[in-house]
Amino acid sequence: MNILMIRYLLEARSVSSTAGILFHRSTMSVFTKKVSPITGKTEWQLQNEDYDFHQEIARSAFADMLHDTERNQKYYTGIRLAIEQMHARGKKANVLDIGTGTGLLSMMAAKCGADSIVACEAFHPIAECAKKIVSVNGFEDKIKVLAKRSTDLTVGEDGDLKQRANILVTEVFDTELIGEGAILTFSHAHQELLEKDCIVVPMSATIYAQVVESELAQKWNKLHPIVDGEGDTLVDTPPEVKKCPGAAAVHDIQLSQFPSGKFSTILSPQPVLRFDWSGRTPIPREQSNIVVCKAERTGIAHVVFMWWDLIMDTEGEVLLTCAPVWAHPNAEKLPWRDHWLQAVYYLPQEVEVKQGEELTLISSHDEYSLWFNLRKDLKISPLDYLRPVCECGVHASFSRTRIGAMNDCERNRLYLAALKNYVTRDSVCACLSEGCLLGLVAAKLGAKKVYCFEKSVLAKRVLQSFIDHNQLEEKIVVLDDVEDMTREEIINKEVNLVLGEPHFFVTLLPWHNIQFWYLKQRLAPLLSDNVHVLPTEATIWAMAVEFEDLWKIRAPLHSVEGFVMTDFDKLIENSSAISDLAVEAHPLWEYPCRALSRPQQILNFNFSKSLSDVGIEEHGRIRCEGSGTCHAVVLWSNWDLDGSPKHQITTGPMEPVHIDEHVTWDMYSRQGVYFLPVPEKIDSTSGSYYLHFSVKFQPFDDDVFFMFEINTHS
């Protein structure tokens with residue numbers, strides 16, 4: 001979201017302006033500038049004065065980090081052992097906690113007998129909250145909480161630390177391990193804040209890489225040609241797209257949920273990079289490492305799966321690992337965590353290998369990110385160490401899930417089947433989508449003229465490369481906006497086919513793509529009386545579910561390892577109420593859930609109607625037939641392409657839903673999740689439970705508005 005803040009104080013008579021900022025006298029508020037995901041228009045919205053950092057607070061938790069019992073306990077053990085070891089040396093245990101958050105690790109240190117504790121937190125609202133939590137738990141005299149970055153701390157009689165600390169406790173890691181600045185944090189701490197013989201929790205980290213063949217994963221990276229029903233290429237991929245090395249950007253996912261039958265191992269998990277946080281040796285800001293192995297099977301190396309682990313103590317006995325289920329040392333008690341996922345990295349080029357063939361895996365990092373390369377034997381050049389950079393524009397302008405959706409053969413088959421029923425030699429088409437190749441499909445099927453719309457300069461360049469490569473320059477015109485069609489000398493009523501996937505870059509939730517409807521409305525003067533619209537309608541569906549783990553991101557802490565966290569819960573609740581939307585977007589294929597009701601349609605958008613005639617408000621109920629805890633209502637959209645039940649696209653369940661069983665979700669969409677304020681226990685064997693809903697859509701609102709509640713009344 002592009003946010004421009006205009007602070008104003010509301011007053012009955014006067015408004016003052018300074019440097020483009022409006023001030024009204026009385027109440028502080030903020031205008032946020034954003035692009036509406038439904039209308040596509042830039043709009044201003046009035047928000048609470050501190051809307052921006054309330055968003056940051058809300059996203060910092062009810063996340064699952066502090067619900068991660070294994071993480072908490074491993075840190076607790078590492079801290080206890082460090083303090084005991086320092087005392088065994090006959091020294092006081094002076095602890096520095098960097099990025100303290102709630103103060104949890106500092107309180108653990110206090111409970112374990114630390115002699116002094118200084119905790120710093122750069123985000124002021126969280127630092128103030130940590131002070132309250134420390135006080136409530138009785139450690140106010142033991143722990144000094146500072147609202148500072150560690151790089152701003154001073155040491156000395158009048159400094160933040162009276163002397164250098166001899167124990168460092170910190171958790172500054174992300175999915176890539178180093179993406180939050182861990183290298184700089186540890187390096188600065190050792191140079192300026194720690195004694196030479198200090199103990200660090202954690203002491204070290206190791207990154208693991210597993211090279212695999214996976215056509216499914218590669219569909220998120222390489223854009224494939226669109227083929228017809230006979231398997232012949234209909235829309236070919238330009239050579240610059242085919243040979244593009246892609247981008248080094250991390251693709252973080254829950255690898256344990258990746259379908260086990262959809263990848264094959266070329267190289268088993270290898271330790272490829274090690275980081276020594278102890279201070280014994282300098283931490284390199286950039287380095288590459290080579291591992292030479294033999295291919296375990298014949299195949300094509302597509303991607304690298306990556307994760308890391310931490311050693312929490314000096315003896316190397318306390319291990320905290322992020323390994324996926326197949327590589328985890330204790331898979332039966334696999335912890336769920338969403339703050340540290342695993343990652344997929346795409347090799348710059350596919351590598352065909354034979355079993356037993358010698359391979360060289362190159363693993364590289366800079367201060368904040370990682371990338372990988374794979375070569376046969378040892379014949380590598382300096383270029384093989386360089387970070388891959390997108391040269392075709394696809395990886396820079398399209399998301400991974402968008403590339404995957406464009407490669408979805410079943411979706412493309414349905415679009416193609418529907419288009420064949422309507423595209424003729426007389427078709428003048430308007431393709432109302434972004435990052436979309438359907439316009440090219442229509443042209444290849446014989447349409448006389450196709451107008452495509454693309455606002456993004458980079459995406460427009462990609463589209464034009466496809467048009468040129470497929471020799472469709474005479475048939476396709478690319479425009480920035482529908483109003484530009486008036487300059488194309490189009491005869492009124494000439495456009496006789498409006499089509500789209502639909503897809504737009506600004507959309508967050510599946511139904512936001514009804515922006516298609518708004519664009520079609522703006523084209524009204526140019527549309528034939530007999531115009532065909534594809535898709536003809538969209539529907540929103542709802543289903544009550546029980547999540548295995550995703551509920552934790554919105555669950556209050558109450559207490560963690562015996563420490564009271566109610567002040568943190570209150571802070572998050574307040575910020576969430578100010579900044580959170582009622583419905584969140586999540587890729588539910590990564591987050592298992594069980595169906596407690598059957599899917600039910602709750603709203604319909606008929607694209608043949610004029611928006612000015614539309615105002616929809618629906619009320620109803622869905623019977624909950626399962627038993628368990630209803631954490632949320634899941635929402636998705638279906639797209640009816642042409643009225644045929646055979647030509648429907650879903651962003652929801654991909655297989656029939658069965659009560660009390662796990663749901664298989666579309667992997668190329670994010671579904672909407674409406675978390676119930678209080679999860680509800682349901683036992684269909686002892687009573688009738690109903691999910692009552694209210695849903696409202698007005699044509700010029702920013703979104704669709706939902707309300708759900710469960711009760712036992714019919």
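The values are calculated or read from the model by the stated rules, or taken from the named source; none is laboratory data. Remember, it's a predicted structure, so these values are computed and weren't measured experimentally. Please note: Cβ atoms are built from the backbone with ideal geometry, for glycine as well, and neighbour counts cover all protein chains shown.
So in the stretch 260-283, with the set limited to residues that are more than 30 Å from residue 297 (Cα to Cα) and among the hydrophobic types (A, V, I, L, M, F, W, C), which one is surrounded by the fewest Cβ atoms within 10 Å (Cβ to Cβ)? Give the derivation first.
Taking the stretch 260-283 and keeping what is more than 30 Å from residue 297 (Cα to Cα), we get 275-283.
Cutting the leftovers down to among the hydrophobic types (A, V, I, L, M, F, W, C) gives us 275, 277, 283.
Details: 275: 22, 277: 23, 283: 19.
Taking the candidates together, the pick is 283.
From the residues in the stretch 491-548 that are charged (D, E, K, R) and assigned to a strand (DSSP E or B), which one is farthest from residue 594 (Cα to Cα)?
Taking the candidates together, the pick is 529.
Take the residues of the stretch 340-360 that are part of a strand (DSSP E or B) and under 18 Å from residue 176 (Cα atoms): which is farthest from the chain's Cα centre (by Cα)?
Among those residues, the one meeting the criterion is 347.
Those residues that are basic (Lys, Arg), over 28 Å from residue 666 (Cα atoms) and surrounded by fewer than 17 Cβ atoms within 10 Å (Cβ to Cβ), I need them from the stretch 406-458; list them, please.
Once the filter is applied, which keeps residues that are basic (Lys, Arg), over 28 Å from residue 666 (Cα atoms) and surrounded by fewer than 17 Cβ atoms within 10 Å (Cβ to Cβ), the stretch 406-458 yields 425, 448.
From the set of residues in the stretch 320-339 that are at pLDDT 95 or above and in a loop (DSSP other than H, G, I, E, B), which is surrounded by the fewest Cβ atoms within 10 Å (Cβ to Cβ)?
328
Which members of the stretch 106-153 meet the condition of being of a type in the set (Lys, Arg) and out of contact with any strand residue (DSSP E or B) (no Cβ under 9 Å at 6 or more places or on another chain)?
Result: 132, single match.
Looking at this structure, is residue 668 surrounded by 14 or more Cβ atoms within 10 Å (Cβ to Cβ), assigned to a loop (DSSP other than H, G, I, E, B) and aromatic (Phe, Trp, Tyr)?
Taking the combined requirement at face value, the residue satisfies it.
State all residues of the stretch 556-602 that are small (Gly, Ala, Ser), modelled with pLDDT of 90 or more and more than 24 Å from residue 131 (Cβ to Cβ); if no residue qualifies, say none.
Answer for the stretch 556-602, where residues must be small (Gly, Ala, Ser), modelled with pLDDT of 90 or more and more than 24 Å from residue 131 (Cβ to Cβ): 585, 595, 597.
Taking the stretch 636-686, which residues are of a type in the set (Val, Ile, Thr) and in contact (Cβ under 8 Å) with a residue 12 or more places away in the chain?
Across the stretch 636-686, the qualifying residues are 649, 650, 651, 657, 659, 663, 664, 673, 682, 685.
Which residue, of 576, 637, is of a type outside the set (A, V, I, L, M, F, W, C) and either surrounded by fewer than 22 Cβ atoms within 10 Å (Cβ to Cβ) or in a helix (DSSP H, G or I) (or both)?
Going through 576, 637 in turn, just one is of a type outside the set (A, V, I, L, M, F, W, C) and either surrounded by fewer than 22 Cβ atoms within 10 Å (Cβ to Cβ) or in a helix (DSSP H, G or I) (or both): 576.
Can you give me the number of residues within the stretch 671-703 that are in contact with a helix residue (DSSP H, G or I) (Cβ under 6 Å, 6 or more places away or on another chain) and either surrounded by 20 or more Cβ atoms within 10 Å (Cβ to Cβ) or among the hydroxyl-bearing types (Ser, Thr, Tyr) (or both)?
From the stretch 671-703, those in contact with a helix residue (DSSP H, G or I) (Cβ under 6 Å, 6 or more places away or on another chain) are 671, 675, 699; that's our starting set.
Pick out the ones that are also either surrounded by 20 or more Cβ atoms within 10 Å (Cβ to Cβ) or among the hydroxyl-bearing types (Ser, Thr, Tyr) (or both) and you get 671, 675.
Number satisfying all stated conditions: 2.
Quick grid of which residues meet (1) of a type outside the set (D, E, K, R); (2) under 27 Å from residue 612 (Cβ atoms):
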site: 457; (1), (2): yes, no
site: 463; (1), (2): yes, no
site: 483; (1), (2): no, yes
site: 490; (1), (2): yes, yes
site: 507; (1), (2): yes, yes
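Looking at the stretch 82-109, which of the residues that are within 36 Å of the chain's Cα centre (by Cα) and surrounded by fewer than 24 Cβ atoms within 10 Å (Cβ to Cβ) is farthest from residue 139 (Cα to Cα)?
Looking at residues that are within 36 Å of the chain's Cα centre (by Cα) and surrounded by fewer than 24 Cβ atoms within 10 Å (Cβ to Cβ), I get 99.
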